[in-house]
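Step one of this worksheet: look at the structure below.
Quick note: the coordinates plus some simple rules give every number you see, no bench work behind them. If you're wondering where the values come from, they're calculated on a predicted model, not measured in any experiment. Quick reminder, even Gly has a Cβ in these numbers, built from the backbone with ideal geometry, and neighbours come from all protein chains shown.
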Amino acid sequence: MSHDVQPTDLADPQNPDSEKPSGKPADSSPAAEHSEQSPEQPTEAAPAEEPAEVPEEPAQPTEKPAETAEELPAVAEKAAEATEEPIEVEPTVAAAVEATEKTPGRVRRILRSPRMSQALNVLAGVLVFAALLYPNVLRRLTLGNFARIPIEAAFGILLLIVLPRRPRLVVGSILGAGLGWLIIQKSLDMGWFKTLARPFDVILDWELFDDTFNFIRDSYGAAGAWGAAIGAIVLAAAVVAMMIWAVLRLAALITEHRRRSALAAAGIASAWMLSLAVGLQLLPAVPVAARTSVTYAWDRAWQAKTGIANEAAFAEEVKADPYKNVPPDQLLTALRGKDVVITFVESYGRNAVESPSLAAGTTAVLEAGDAKLKAAGFAARSGWLTSSTFGGNSWLAHSTLLSGLWINNQSRYRNLTASDRLTIPSAMQKAGWDTVSVMPGATRAFPEGKFYGYNRIWDSRNLSYQGPRFSWAQMPDQYTLKQFTEVEYNRPGRKPLMVEMPLISSHTPWAPIPTFIDWDQVGDGSVYNAIAADGAQKADIWSSAAKVRREYGKSIRYTLTTLISWIEKYGNDDLVLVFLGDHQPSSVVTGDNASHDVPITIVAKDPAVLDRIAPWNWTPSLKPAPDAPVWQMNTFRDRFFTAFGPDGGTH
């Protein structure tokens with residue numbers, strides 16, 4: 001394999017026809033009435049009978065004598081010239097206009113029919129009713145959840161009854177848009193709960209749509225990503241528009257039947273209060289007296305308020321760093337001369353170790369790994385950390401572990417990386433280590449590398465991989481480790497390394513999955529073309545949760561097998577390897593209410609290294625015991641600094 005590849009340099013960083021006619025028609029000319037009068041006959045003589053089609057005949061001046069027969073054409077001509085509108089209207093045109101005005105089209109006739117009007121009223125009512133009871137957790141999207149009484153309906157009816165027409169239209173539109181937004185946000189909650197085990201944060205989570213788009217693009221292609229984005233926008237706009245229409249239609253119906261509507265509101269309120277008083281439930285833990293929308297809106301408003309307050313408090317947390325002013329020569333003194341590699345195994349959670357459907361396969365790999373590493377002179381200690389994220393957003397877990405702060409949203413991450421907080425890599429950089437990041441999943445520049453303290457970054461653009469993608473993963477973990485070995489670990493005359501390396505073959509959607517091969521066969525990665533073609537595809541496994549769990553377990557076993565084999569084959573006497581999960585997999589694998597715990601293991605050949613962490617009481621194995629200590633992930637940095645600092649041996 002070529003060695004001339006170069007790492008990323010961090011230094012690069014209106015209708016006029018509607019007017020009333022002012023002239024009279026030409027057939028109402030005085031010529032007809034005066035044709036048999038003498039020139040001397042006064043004009044006040046009884047006029048001739050007016051044509052039936054002329055609704056009104058203007059009175060003639062009494063002082064002026066009638067015109068002679070010879071003068072009549074000129075008079076008629078002048079009268080016609082004084083007319084501002086056309087004097088005659090073709091009967092066929094008039095009939096067509098009248099027919100158009102009086103005879104609606106077929107679609108309009110259908111929409112105006114009593115039955116259709118009633119159907120649309122029912123549809124509007126069903127939409128509003130469903131919106132008021134729409135849940136934000138997917139498992140609650142059942143018929144039983146809609147067998148409830150929303151108290152918000154009673155208040156909404158009363159409000160629309162008392163409002164005048166114009167305010168009613170405005171308020172109705174606002175209420176409709178609000179219901180539409182609640183449906184959208186609750187739908188987002190469903191996705192967030194299913195993937196990240198938490199609700200969507202309306203203040204902080206908008207930035208994650210960019211990462212979602214990138215994930216879909218990387219897994220399903222650009223067409224799939226753009227199709228999903230456009231479809232989501234159109235669907236959201238349609239939901240809001242439909243809810244506005246539904247509320248305004250019900251508002252019109254309510255004002256036509258104010259008395260009946262008031263009685264309906266009173267009935268809803270009475271039934272709701274009675275159901276609440278007796279604790280009526282048609283399904284277990286689902287009260288008939290519902291206040292879903294009001295409670296939800298209040299909770300989300302409180303969440304936003306709390307998030308803003310927490311953001312202000314976080315700025316103070318960043319500054320409170322007990323290791324900020326520690327001299328470099330007093331940092332991690334017990335690890336001097338050691339190569340420290342921190343590896344995050346994607347989606348390696350407690351579920352992979354303890355779930356009945358996964359534990360056997362994972363345990364077999366870890367137990368076999370214990371034996372192999374012992375034979376190679378290595379030993380291991382393992383425990384548990386509680387991750388700051390679940391099902392995704394791996395970078396939040398990385399920053400939590402390395403900075404010693406609880407980073408559970410994008411706002412905190414952004415504020416952290418804009419600070420001068422000491423991280424494990426930056427501390428080791430100050431203390432003399434050569435700091436490197438290997439990021440096989442990164443496809444663009446990583447400006448946060450300067451904050452973390454990396455001297456160099458290797459990513460998918462400069463690791464020289466010539467093989468196929470494995471869905472989201474740009475390259476197999478075995479290739480990443482082999483290339484790292486060649487460009488950094490086995491480089492002659494190097495300084496001690498501090499490396500941070502995420503391994504990504506166990507990233508969702510877990511199809512296809514690489515196969516472990518002999519290290520000498522890895523080459524430039526082209527050997528994986530046949531492996532990717534023969535592997536299970538996303539469409540093959542995502543039709544069944546059981547298949548997804550099976551492939552997830554296979555991906556974890558692949559990465560663990562690869563990592564253990566790398567230690568066994570390439571690990572030297574100065575290797576100190578810390579590997580851990582970044583977060584649990586999504587709930588399609590873990591089920592609901594799973595913990596945020598992930599395994600963490602330290603492997604070393606030097607017994608003095610593991611002696612330093614003896615007070616941690618971790619399990620002497622690659623597999624942590626069920627009762628091994630569980631720490632918050634953000635506490636690891638300070639414990640690590642303390643254990644391997646000047647006074648670590650005395651604690």
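Looking at this model, which pairs from LYS430/LYS623; LYS495/LYS605; LYS194/LYS554 are more than 23 angstrom apart at the alpha-carbon?
On the way: LYS430/LYS623 33 Å; LYS495/LYS605 19 Å; LYS194/LYS554 21 Å.
Violating the 23 Å limit, Cα to Cα: LYS430/LYS623.
Would you mind ranking THR343, THR400, THR635 so that the residue whose beta carbon has the fewest other beta carbons within 10 Å leads the list? Let's see the in-between values first.
Numbers: THR343 21, THR400 28, THR635 15.
Ranking THR343, THR400, THR635 by Cβ neighbours within 10 Å, fewest first, gives THR635, THR343, THR400.
How much length is gained if the chain between ALA546 and ASP524 is pulled fully straight, taking 0.36 nm per residue apart and subtracting their Cα-Cα distance, in nm to one decimal?
On the way: separation 22, 0.36 × 22 = 7.92 nm, distance 3.43 nm.
Net length gain for the segment: 4.5 nm.
Using modelled backbone amide H atoms (1.01 Å from N, in-plane), which distant-in-sequence or interchain residues come within less than 5 Å of LEU385's amide H?
Result for LEU385 returns VAL598, ILE600, TRP631.
When Lys and Arg each count +1 and Asp and Glu each count -1, what net charge do the other residues less than 13 Å away from GLY383, Cβ to Cβ, add up to? Write down the numbers at each step before the final one.
Working: positive: ARG350, ARG381, LYS623, ARG639; negative: ASP597, ASP627.
That sum, taken over residues with Cβ under 13 Å, equals +2.
Placing unit charges on C-beta atoms (Lys and Arg positive, Asp and Glu negative, everything else neutral), compute the dipole magnitude of segment 316-372 about its Cα centre in debye, rounded to 20.
In total the dipole reaches around 160 debye.
Summarise the long-distance tail of P(r) for segment 332-650 by giving the % of C-alpha pairs beyond 25 Å. Mind dumping the intermediate values first?
Values: 23766 of 50721 pairs.
Roughly 47 percent, once rounded to a whole number.
Taking the mean number of other Cβ atoms within 10 Å as a proxy for protection, how do you rank 165-172, 423-430 from highest to lowest?
Values: 165-172: 14.2, 423-430: 21.6.
In descending order of packing, they fall as 423-430, 165-172.
Taking amide H atoms as placed 1.01 Å from N in the peptide plane, list the residues 5 or more away in sequence, or in a different chain, whose amide H sits under 5 Å from that of MET475.
So MET475 has HN proximity to PHE470.
For segment 172-210 and segment 376-390, what is the separation of their C-alpha centers, rounded to whole Å?
Spelled out, the Cα-based centre of one part sits 35 Å from the other.
Can you give me the C-alpha center-to-center distance between segment 428-506 and segment 313-358, rounded to a whole angstrom?
So the separation of the two Cα centres works out to 17 Å.
Taking a ≥ b ≥ c as the square roots of the eigenvalues of the Cα gyration tensor of segment 609-651, is the shape rounded (a/c under 1.5), prolate (a/b larger than b/c) or oblate? Don't skip to the answer; put the middle values down first.
Working: a/c = 2.53, a/b = 1.44, b/c = 1.76.
Taking the square roots of the gyration eigenvalues as a ≥ b ≥ c, segment 609-651 is oblate.
Quick check on the exposure proxy: order VAL294, VAL578, VAL436 from fewest to most C-beta atoms within 10 angstrom. If you can, show how the numbers build up before the last one.
Details: VAL294 14, VAL578 19, VAL436 23.
With the fewest neighbours first, VAL294, VAL578, VAL436 line up as VAL294, VAL578, VAL436.
Taking R0 as 35 Å, what FRET efficiency do you get between ALA277 and ALA312 from their Cβ-Cβ distance, rounded to the nearest 0.05? Numbers along the way, then the final one.
Details: r = 43 Å, r/R0 = 1.21.
So, using R0 = 35 Å, E works out to roughly 0.25.
What is the distance in Å between the Cα centroid of segment 125-139 and that of segment 408-423?
Cα centres, segment 125-139 to segment 408-423: 38 Å.
Residue by residue, what Karplus-based ³J(HN,Hα) values in Hz, rounded to whole numbers, does segment 403-417 have, using 6.51, -1.76 and 1.60 with θ = phi - 60° and x for Gly and Pro?
So the Karplus estimates, Gly and Pro as x, are 9, x, 10, 7, 10, 10, 8, 5, 5, 5, 4, 5, 5, 4, 6 Hz.
Using a basic spin-label model with each label point 7 Å from the Cα along Cα→Cβ, how many nm lie between ALA252 and ASN325?
7.3
Please order ARG637, ARG291, ARG139 by the number of other Cβ within 10 Å, starting at the fewest. Provide the component values of the computation, followed by the final result.
Numbers: ARG637 22, ARG291 17, ARG139 12.
The most exposed by this proxy come first: ARG139, ARG291, ARG637.
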